[in-house]
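Undergrad: One structure follows; several queries about it will come next.
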Amino acid sequence: MSVMLKPVKPQLDEPEAIGQGLSDEEVRLRREEDGFNELQEEKRKSAGAVFIDQFKDFLVIILNIAAVISAFLGEVESSIVILSVVLLNAALGTIQHVKAEKSLNSLKAMAAPSANVLRNGKVVQIPSREVVTGDILIINAGDYICADARILESHSLLINESSLTGESVPVEKNAEFVSGEHVALGDRKDMAFSGSFVTSGRGKAVVTAIGMDTEIGKIADLLEHAKEKSTPLQERLDQFGKALAIGITVICVIVFGLDVIRGRELSDSFMFAVSLAVAAIPEALSSIVTIVLAFGTQKMAKENAIIRKLHAVESLGNISVICSDKTGTLTQNKMTVQLFYTDGQMLGHDQLQPGNKHHEKLLRMALLCNDALTADGQEIGDPTEVALVHIGKQYGFDEQAERELNPRVGEIPFDSRRKLMSTIHRIGHKQVMVTKGATDVLIPRISRIELAGGVQAISLHQIESIRQASHSFADGGLRVLALAYKEVLPTLPGAAQEEGLTFLGLIAMMDPPREETEQAVADCIHAGIKPVMITGDHKITAIAIAGQIGILKDPSEAVEGKDIEKLSDEELKAQIDRISVYARVSPEHKIRIVRAWQEKGNVVAMTGDGVNDAPALKQADIGVAMGMAGTEVAKDASSMVLTDDNFSTIVKAISNGRSMYNNIKNAIQFLLSGNAGAIFVVIYASLFALPVPFLPAHLLFINLLTDSLPAIAIGLEPHSKKVMKEKPRDKDEGLFSKRDVMQITTEGLLIAAVTIIAFQYGLSAGGPADATTMAFATLCLARLFHGFNCRSKDSIFRLGLFTNIACWTAFLIGVILLNLVLTFGLFEAAALDKVQLYIIYGLAFVPFVVIQTWKLIFVKS
Ligand code: ATP
């Protein structure tokens with residue numbers, strides 16, 4: 001695609017505005033004029049449309065048909081009750097839908113993209129939507145460009161514009177390039193466009209257009225807005241609902257047919273069929289899943305895990321492998337310099353000698369080839385570089401002063417693939433390139449060595465000594481940086497190559513594991529999840545740290561990126577189980593590691609922060625991006641974002657995911673076992689030619705009111721630590737196992753048995769009206785008591801009677817509602833005497849006692 005553009009002038013009023021960025025007042029004025037920097041999204045569904053959607057549900061359609069036929073048969077009251085309940089249900093459904101959507105949107109806002117801009121002379125991070133024209137963007141590798149902007153400054157700046165031009169090769173951007181009048185978008189090398197992202201390098205740019213005025217805004221209507229799909233669970237429930245509806249229809253027709261053949265009156269036969277349909281339909285099912293997911297994701301957000309894609313919540317419980325970055329996720333990302341190696345000597349961090357020119361040069365060069373800085377007493381930047389600034393300070397060197405004295409005239413930024421960084425400085429009359437990076441990458445580029453006595457050609461023996469020193473540092477779990485330099489021709493600084501360098505020294509720094517990591521790793525292993533460390537660091541450093549935190553038992557479990565390059569996909573797959581640590585890995589290796597695990601049937605979580613991690617994050621079943629150190633591109637590719645970048649947060653999220661799944665399943669079992677109870681009673685009455693045991697209104701009252709509150713309470717059952725003692729759930733496992741179906745049926749039979757006893761008693765002692773009322777009240781109460789049974793597999797006495805107060809609240813509200821119906825004779829309820837009430841309460845309590853006793857005896861705690 002080529003779009004012709006007119007050159008755009010930066011809308012800056014005064015030149016000094018670039019130096020300081022915009023002031024708050026200017027921002028306010030520009031915002032008033034142009035609004036926020038956002039693309040107009042597709043219109044959200046109105047509440048009315050959501051309300052109408054509720055009637056498209058197959059089960060609701062059956063109910064409506066039942067209401068219409070009831071009316072025809074003269075059962076106007078039943079018909080009105082069914083219709084009003086359907087309306088109430090649709091209203092509740094709409095409220096829940098709108099609320100759940102709101103809660104999801106607020107989560108999304110927490111993970112919304114941000115931008116670094118210069119304002120009031122300071123670099124600040126702001127949400128992308130707050131960017132205005134004239135803002136100075138500070139852009140770094142991994143950033144999304146959130147507005148169209150003219151490049152003011154660029155250092156090896158490569159930008160991927162595939163979302164605009166379809167071209168996936170990144171384009172080099174250059175501040176010095178001036179494009180002519182009519183240049184295709186892809187050739188505007190002096191512009192960065194909204195929707196593109198920085199693959200490497202850094203720079204500054206002034207915003208020229210925002211929101212719908214940007215190039216991407218102009219073609220925004222061509223963009224597909226990613227819609228939140230239903231989660232696998234919701235899909236399975238939908239399918240289940242459809243199968244259920246067909247099953248119900250078939251059974252209803254059979255029951256109706258049998259009744260008619262046996263000579264029952266048509267209207268009676270029909271009321272049986274309607275009762276059966278109403279009894280079987282779990283009206284509250286789908287809204288309960290939505291509510292539990294909404295509550296659960298909010299809880300997870302409070303615990304630092306933001307779910308970006310709802311299906312991730314379910315997959316969390318299936319995770320069997322976590323591939324985690326080392327630096328910052330397993331470790332604290334707080335580097336401190338521990339040791340030096342220079343002039344053939346190993347020295348402690350406090351053993352450099354002030355006044356020693358050679359030692360001072362090592363420190364000062366470490367400050368020059370460095371982007372970290374101190375501002376307002378705070379050290380800002382990459383922790384590796386911050387550590388260098390910090391140690392410099394301890395020896396009395398100020399990074400700003402050094403950088404002013406030896407200004408930077410060129411640079412090749414750090415790249416985790418090259419594992420090197422170089423800067424070129426004007427030092428006196430000379431131009432000097434300073435290079436720092438991983439020892440093994442730097443050594444082949446070195447030809448000379450600087451010792452206290454001067455510079456000389458490096459010998460094989462000296463190289464070996466450097467290697468050994470680096471090795472022994474890494475053995476202690478330290479990160480090692482090698483430092484070297486060379487003089488370059490002032491005329492050709494841009495063509496400087498990182499070779500023929502003079503070795504200056506090694507600097508080793510410590511990044512201790514996070515305190516919680518060891519326990520989290522142990523929890524993972526306990527829960528049948530394999531933790532795997534992936535790092536750009538040296539293999540020996542990785543082995544030391546992985547050993548400390550329990551990821552690795554034997555050094556043979558560690559390999560390097562270059563080792564897996566030699567393996568075919570098949571070979572990697574064959575070995576994958578025994579590899580716990582991958583060192584010197586490039587982002588490209590990560591995707592192969594994920595695939596190999598997946599091909600072995602595993603569900604994989606993979607962490608990532610860099611722009612190059614995006615493909616692996618997408619490939620993983622759950623891509624986990626770092627909220628603090630992660631790039632916008634990584635966040636965008638992920639399904640979960642950690643706001644604290646902490647490995648233990650992933651483990652906590654898995655525990656939450658497992659619990660949420662269990663809770664939802666328990667709530668569904670509760671609803672279905674209660675419905676099964678009602679169905680059995682209706683079938684029993686039909687088979688034995690008894691009167692209709694329930695009115696449709698009774699069943700709707702139970703299904704929608706007294707059953708939905710306990711179901712929500714079960715869905716919100718406090719999470720138990722026990723979930724992390726089980727193996728991960730198999731990803732192909734259906735919603736219900738045979739055992740679950742047996743359990744639902746048995747519980748249904750128990751509830752049906754006591755209801756039938758109450759019904760029969762009512763028939764013999766009073767008559768059909770008493771019998772129906774007693775059956776309804778017993779069914780309703782038994783199901784309320786049953787709510788406590790479904791809190792967990794375990795007995796409520798082991799869980800603690802009062803550990804889920806919501807369950808008690810739901811129970812009490814249910815009992816009160818039932819008593820209101822009985823007291824005021826609503827839904828044709830007959831007035832019952834005391835004995836009848838005692839019988840109802842006594843019978844309804846029986847399934848609870850039986851199930852709890854069974855759990856106490858047979859379920860191991
Ligand atoms: P992880 O994947 O665990 O997060 P990492 O991100 O720490 O690993 P990199 O940042 O890619 O890995 O670092 C790899 C190597 O590159 C380090 O061992 C170090 O030698 C070198 N290195 C790291 N940061 C810098 C830097 N700012 N300048 C120069 N070299 C660096």
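Undergrad: Where does helix 58-72 land angle-wise versus the long Cα axis of the chain, in degrees 0 to 90, nearest 10?
TA: Roughly 20 degrees, rounded to the nearest 10.
Undergrad: Can you list the lysines whose alpha carbon sits under 26 Å from that of K357, skipping same-chain ones fewer than 8 residues off?
TA: K393, K430, K436, K486
Undergrad: Once you have the alpha carbon radius of gyration of the range 463-551, what is it after dividing by 2.2 N^0.38 Å, with N set to its residue count?
TA: Compared with the compact-globule rule of thumb, the range 463-551 sits at 1.54.
Undergrad: Quick one: what are the phi-derived ³J(HN,Hα) couplings along the range 659-674, Karplus 6.51/-1.76/1.60 with θ = phi - 60°, whole Hz, x for glycine and proline?
TA: Karplus-based 3J(HN,Hα) across the range 659-674 equals 5, 4, 4, 4, 4, 5, 4, 4, 5, 5, 4, 4, 5, 6, 5, x Hz.
Undergrad: On to the next question. Assign unit charges at the C-beta atoms only (+1 for Lys and Arg, -1 for Asp and Glu), then state the dipole size of the range 338-506 relative to its Cα centre in Debye, rounded to the nearest 20.
TA: For the range 338-506, the charge dipole is close to 440 debye.
Undergrad: Related question: Which of H349, S46, S154 sits farthest toward the positive end of the charge dipole of the chain, with +1 on the Cβ of Lys and Arg and -1 on the Cβ of Asp and Glu?
TA: Working it through, the farthest residue towards the positive pole turns out to be H349.
Undergrad: Now for a different question. Rounded to the nearest whole Å², what accessible area per residue is found for the range 338-506 with the 1.4 Å probe?
TA: 46
Undergrad: What list of ³J(HN,Hα) couplings, whole Hz, do you get for the range 749-762 from phi and the Karplus terms 6.51, -1.76, 1.60, once you set θ to phi - 60° and write x for glycine and proline?
TA: Rounded to whole hertz, the list is 5, 4, 5, 4, 4, 5, 5, 5, 4, 4, 4, 5, 4, x.
Undergrad: Can you give the log10 of the normalised intensity I(q)/I(0) at q = 0.10, 0.14 Å⁻¹, computed with Debye over equal Cα scatterers of the range 338-506?
TA: These q points yield log10 I(q)/I(0) values of -0.34, -0.70.
Undergrad: Let me ask another. Name the residue farthest towards the positive end of the dipole of the chain from the options I80, V198, H425, assuming +1 on Cβ of Lys and Arg, -1 on Cβ of Asp and Glu, about the Cα centre.
TA: Highest projection toward the positive end goes to I80.
Undergrad: Right, next: Which peptide among 346-355, 249-258, 538-547 comes first, and what is the full order, when sorted by highest mean count of other Cβ atoms within 10 Å?
TA: For the peptides 346-355, 249-258, 538-547, the packing ranking is 538-547, 249-258, 346-355.
Undergrad: Report the Cα centroid-to-centroid distance between the range 731-803 and the range 823-861 in angstrom, as an integer.
TA: First find each Cα centre; the distance between them is then 9 Å.
Undergrad: In whole angstrom, and with the biggest value first, how far do the Cα coordinates of the range 524-568 range along each principal axis?
TA: Sorted from largest, the Cα extents of the range 524-568 read 33, 24, 17 Å.
Undergrad: Placing unit charges on C-beta atoms (Lys and Arg positive, Asp and Glu negative, everything else neutral), compute the dipole magnitude of the chain about its Cα centre in debye, rounded to 20.
TA: Roughly 1960 debye for the chain.
Undergrad: Moving to a separate point now. I'd like the carbon and sulfur percentage of the solvent accessible area for the chain, probe radius 1.4 Å, heavy atoms only, ligands and nucleic acids excluded.
TA: The C+S portion of the solvent-accessible surface of the chain is 59 percent.
Undergrad: Using amide H atoms built in the peptide plane, which far-off residues or other-chain residues are under 5 Å from A209 H to H?
TA: D148
Undergrad: For a quick check: with amide H placed at 1.01 Å from N, whose amide H comes under 5 Å from S23's, ignoring anything fewer than 5 positions away on the same chain?
TA: N120
Undergrad: Might you report the magnitude of the Cβ-based charge dipole of the range 703-861 about its Cα centre, with Lys and Arg at +1 and Asp and Glu at -1, to the nearest 20 debye?
TA: About 820 debye.
Undergrad: With θ set to phi - 60° and the Karplus curve 6.51 cos²θ - 1.76 cosθ + 1.60, what are the ³J(HN,Hα) couplings of the range 294-310 in order, to the nearest whole Hz, using x for Gly and Pro?
TA: Whole-Hz 3J(HN,Hα) from phi for the range 294-310: 5, 4, x, 5, 5, 4, 5, 4, 5, 9, 6, 10, 9, 7, 9, 10, 4.
Undergrad: Also: Could you order peptides 579-591, 19-31 by the average number of other Cβ atoms within 10 Å of their residues, highest first?
TA: So the peptides 579-591, 19-31, ranked by packing, come out 579-591, 19-31.
Undergrad: Ordering W597, W808, W854 by how much accessible area each has at a 1.4 Å probe, largest first, what is the list?
TA: Accessible-area ranking of W597, W808, W854, largest first: W854, W808, W597.
Undergrad: Place the peptides 800-806, 321-327 in order of packing, highest mean first, counting for every residue the other Cβ atoms within 10 Å and averaging per peptide.
TA: Ranked from most to least packed, the peptides come out as 321-327, 800-806.
Undergrad: How many Å² of accessible area per residue for the range 674-802, probe 1.4 Å?
TA: With all protein chains present, the range 674-802 gives 38 Å² per residue.
Undergrad: Then there is this: Which Cα, out of Q548, S568, C323, lies furthest along the positive dipole direction of the chain (beta carbon charges, K/R +1, D/E -1)?
TA: Final value for the positive-end residue is Q548.
Undergrad: Can you grab the distance from the C-alpha centre of the range 450-477 to the C-alpha centre of the range 655-696, Å, no decimals?
TA: 75
Undergrad: Enumerate the amide H contacts of D537 below 5 Å, restricted to partners 5 or more residues apart or on another chain; note that Pro and chain-start residues carry no placed amide H.
TA: The list, which skips near neighbours in sequence, is R584, V585.
Undergrad: If you average 1/r across every pair of different Cα atoms in the chain and take the reciprocal, what Kirkwood value do you get, in Å?
TA: Result for the chain, one decimal place: 31.4 Å.
The values are calculated or read from the model by the stated rules, or taken from the named source; none is laboratory data. Remember, it's a predicted structure, so these values are computed and weren't measured experimentally. Note that each Cβ is placed from the backbone with ideal geometry, even for glycine, and that neighbours are counted across all protein chains shown. In case anyone asks, the SASA skips ligands and DNA or RNA and just uses the protein heavy atoms, side chains included. Shrake-Rupley method; radii C 1.70, N 1.55, O 1.52, S 1.80 Å.
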